[in-house]
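Have a look at the structure below before the remarks.
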């Protein structure tokens, strides 16, 4: 490893390879393909939060001219794995509709209007059941239980049935730690469920042939995962189902599973024609995964000098209508930013009558860290200490035993905090009704399975195939790493995302893993290709392969042969490849680990209108350790985008349910994501503490940025408004209620 | 149900199509004319991904019926570049890394061009309000705003 | 022997010990002896776990070498966005 | 659904009268198309009135502005004379939706959608605007205030159609303003709103006032007590306090996904005071 090495390509900002298609409207996203003879599908969804499906009469819909297939859960078979069965039943209700928007039937017809008309002809008889949508209510002994006997063995006996998972992390003795503190603060927080809010609705085009082979085109973060799930649901061999990932119009974790793909496949199989299925925005909100809502108790002890003596978090997450295990991510993240002798984080995952949660950028972490950071901010204020100093004093660093167990290697939290403290933003004066907030954040980052195949073309260019959808410019960073390793210009590399039949398995694009893991595979594939080119050059010169080496895009003779032959460039070797042994390629399949955790610090100024509670974000700066920024513009973009999603979560985004258990804001009008005029520029400071686990020092950077904004904005709003709030979003009515209560 | 015959101009070409009465211009562009650059992010005028201009006016094509553009002139993202030469806005969004997933990009470009056609020298605030109806979930808007401002300066003949 | 740190909610399967000593020089070997010695852990391990070795997290990887003085922490299998 | 484009209001009235099913008018379409998309309405007949001569025009006489029913928000904002004379109305219209929506949305559409939260309506009410209506029995004019009778419901008969908005010429030493509260800076529906239209006396005090509120009752309110609070004052603190109290007292809002009763009630008063100050300065008053 040589992390100090000088790079030629890494750190530059070339135009992304898929850019021209995307600025000219030619790039093909999920809904942008059409097949000859294609049918249009629509899904009928439950209007009830919880209801037994007594009967479904599809005869009138089937009789409508132009309708080619109608399906219900009866059209799906049995599957062995519990997880896949839940996914299937989330795609199509099995006897019981578990949430408002749960699919109960689907049609495929010759046009959108016929499909819409057919939906109205399906008669579903429901018997409504009691429902629950709030996490604390769902944990009560008398709450309606969504699925009997689905509690994970971690759950303590006697716990109410909606609690499906329990976890407990930490070390030391928190009671002793609290006893030793000068001050202990205990607070309860609530955060709303938010949606990933990708602009592209779920979309797919399925084509099942009469021979049982199938093609599926879809917008996904992981087409191999789609293949895995769909093949099992459809009872197909994986080899018979070819899945192609379209360009993806945003995912943020929300496209790491399937919602409509099995439905389209089942319709296509029944109709014998290609079927296109596209969710409406309303369906996206009602029936694709939001993140968890949370109810949390946080207790932290601190000494007057700012040293934290102990921390204890109890996290209760609401994750919708099926069993899941996600609170552990929050419990492990909650105190990860601090070096604590006594720490404990417990978590409970709870089912409710809401759509099943799915990952959303650093899933589980933002709300837990919000709650912890809010209490730390309050304690710092209690002792009149600088909030950054308190965090530096307690910060995790190399050698810290983390709150979730392992000891940290080289990490960049202290560097990020010091950069924030030294930044002009931190000392800039504040105006009337303005406040400043700061928060740390953390995310694990993953490696995982990956496949890359690289062909060296005879003209000296390179084609690279990888298996992870490009969700934010990864073709550029992969091409850059290939160019760096091969020593050729970036423009000579063409990276594409292969379908499931063209390159080996790759895990889902999640865990901020793509630049890290595909990067390692790319470097290794390039190394394999270089080794072959060294062989070809050695053969050409008639010398031993050990007597050549690869320097800067060319093979050079070494040792006593040095200078004997002019070096052979990649292009020269490639040009003769047909004569020296055939095509040259390199490939790598692996499962790299050591992804390297990432820390960030956010600094924000807000202004709160004391008469209306309207919050304006005045200034925002993100500091984040990214290890090594391959393409700094896209790294900054991740930091900015994550910050703004966090701002939305903090201020206005929320799933709003009525007493009837129905979602009241299933659209962008009332699910309020930040718009351009809501925001200032988002300044970024990239910190580079290389990850010892990657040849270029790369750490994942995509997810960490959504973790700190909730508490940072929270602290800034509280300072500006002169009140304390313990609930997200801090919407104007809540801010005004707090201000009025203080009066 | 009988369809409506519509003659219109799209990106300078004379085009005829038949549409259902409730079919939106967005559906016509995408499903009938092969112009899939305009995207449906919401179908209710809240996201701007389907932005086009009709007779020079910026609109959401999901809020226009296909039948309404009889005799009009429509421009879409597909009409923005001059052959292989990208419009300065397209070039600057690319160079400024102002797109991550790229789904909002066509709408942003069409909307930004409509602004610069009307006001070649917008302030950052004017630009942010003009683009408030173009939702982007990836970028936090920072690089979009910077890139449009840079493109505008170049189009005004200012050196960057 | 390798000392393996167990997360809190699993300690009921390890006689309430926060760390246990087992044999093995790879993750697979260590996980196998964990499951054998503490049968309550077997279904958890079967479902999939991560193992942190000297501060680096390995996701379901069998052959990662472990030495007797390694810091080994059992962790849940994680997901991201 | 059948779709018909008409060339005269008379044709529209005939069609509406003879239609057995549900009939809707397409002007801007920014509400109608959304309702169609979401399946909230299923009209049998949709009548496009945009090709009727004059509907895209704004004309001005010595007594009034006449605004065509298909004039979009963007076009309204481009009429410099109207904007100078009735800035509150133009700004209210321009607050509706995005730039894209502004390319289509119309004053009359905003009015006939009959939402309690319609942005243009409080401003029109405070300006004492009227609409011209054509029906089988001929023409009539009514106050904008009397168009909406309940959420989603207007006082127009099934075969009546609004043919123009008539705005009086603004008097000397007068000014109007409209403000709304939304949680973001754009793209939301008003949680509460207030419009104020003032005429100042020679001495700079308020001679007459009209104050209207939106999103705080089933229909837009014209609050006489609020107007009284201002008359005779130069918007001193006491007058503003009274204005705020009168506005809040007039509110009878609902709790919903956009705001609480308490928040709407208080915010309406705050907005009325702020709008009053803007209107006062526009009328030439100094604070």
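Here the extension length gained between residue D:157 and residue D:10 equals 51.5 nm, from 0.36 nm per residue of separation less the Cα-Cα distance.
Within 10 Å of the Cβ of each residue in A:344-350, the mean number of Cβ atoms contributed by other protein chains is 1.
Build a GNM of chain D with springs between Cα atoms under 10 Å apart, and of D:174, D:62, D:205 the one that fluctuates most is D:62. Ordering A:466, A:688 from the fewest to the most neighbouring beta carbons within 10 Å gives A:688, A:466.
Using the alpha-carbon atoms, what tilt in degrees (0 to 90, nearest 10) does helix B:105-118 show relative to the longest principal axis of chain B? On a 0 to 90 degree scale, this one is about 80. What angle do you read, to the nearest 10 degrees and between 0 and 90, between the alpha-carbon axis of helix D:9-18 and the longest principal axis of chain D? Between helix and principal axis, roughly 70 degrees.
Here the protein assembly as shown has an Rg and Dmax of 31.7, 108 Å, counting Cα atoms alone. Of all the Cα-Cα pairs you can form in the stretch B:88-155, what percent are over 17 Å apart? It works out to 28 percent of all Cα pairs.
Roughly how many whole Å is it from the C-alpha centroid of the stretch A:140-210 to that of the stretch B:79-124? If we compute the Cα centre of each part, the gap is 43 Å.
Computed on the Cα atoms alone, the convex hull of the stretch C:2-76 gives a volume of 72 cubic angstrom per residue. Helix B:142-155 and the long axis of chain B differ in direction by around 90°, with both axes built from C-alpha atoms.
In terms of other Cβ atoms within 10 Å, B:92, A:587, A:89 run from fewest to most in the order A:587, A:89, B:92. The helix-based estimate of mean residue ellipticity at 222 nm for chain B, built from -39,500 (n - 2.57) per DSSP H run of four or more residues and divided by its residue count, is -8000 deg cm²/dmol to the nearest 500. Where only DSSP H runs of four or more residues are counted, chain A gives -8000 deg cm²/dmol as its mean residue ellipticity at 222 nm, each run worth -39500 (n - 2.57).
Per residue of chain D, the DSSP helices (runs of n ≥ 4 H) give a summed -39500 (n - 2.57) that works out to -9000 deg cm²/dmol at 222 nm. Here the scattering of the stretch B:4-79 is modelled by Debye summation over its C-alpha atoms, one equal scatterer each and no solvent; at q = 0.11, 0.24 Å⁻¹ the log10 of I(q)/I(0) is -0.21, -1.11. Max-minus-min Cα coordinates of the stretch D:174-282 on each principal axis give 46, 26, 23 Å, with the largest extent listed first. For chain B, modelled as a GNM whose springs connect Cα atoms under 10 angstrom apart, the maximal fluctuation among B:33, B:89, B:127 occurs at B:33. Structural descriptor for the stretch A:460-500: relative contact order 59 percent, calculated from alpha carbon pairs under 8 angstrom and at least 6 residues apart.
Averaging sequence separations of C-alpha pairs under 8 Å and six or more residues apart, then dividing by the length of chain D, give the relative contact order as a whole percent.
16
Working from Cα pairs under 8 Å separated by at least six residues, relative contact order for chain C is 35 percent.
Ranking of B:149, A:736 by neighbouring Cβ atoms within 10 Å, starting from the fewest: B:149, A:736. From the largest down, the stretch A:356-398 spans 43, 27, 9 angstrom on the principal axes of its Cα atoms.
Per residue of A:663-674, other chain Cβ atoms within 10 Å of the residue Cβ number 6 on average.
Once you reduce the stretch D:36-102 and the stretch A:570-604 to the center of their Cα atoms, the two points are 58 Å from each other.
Compactness of the stretch A:447-590 was expressed as the Cα radius of gyration divided by 2.2 N^0.38 Å, which yields 1.08.
Bear in mind these aren't lab numbers, they're just calculated from the coordinates by the rules spelled out. The structure displayed is predicted, hence computed values, not measured ones. Because the Cβ atoms are built from the backbone with ideal geometry, glycine has one as well, and the counts that use them run over all protein chains shown.
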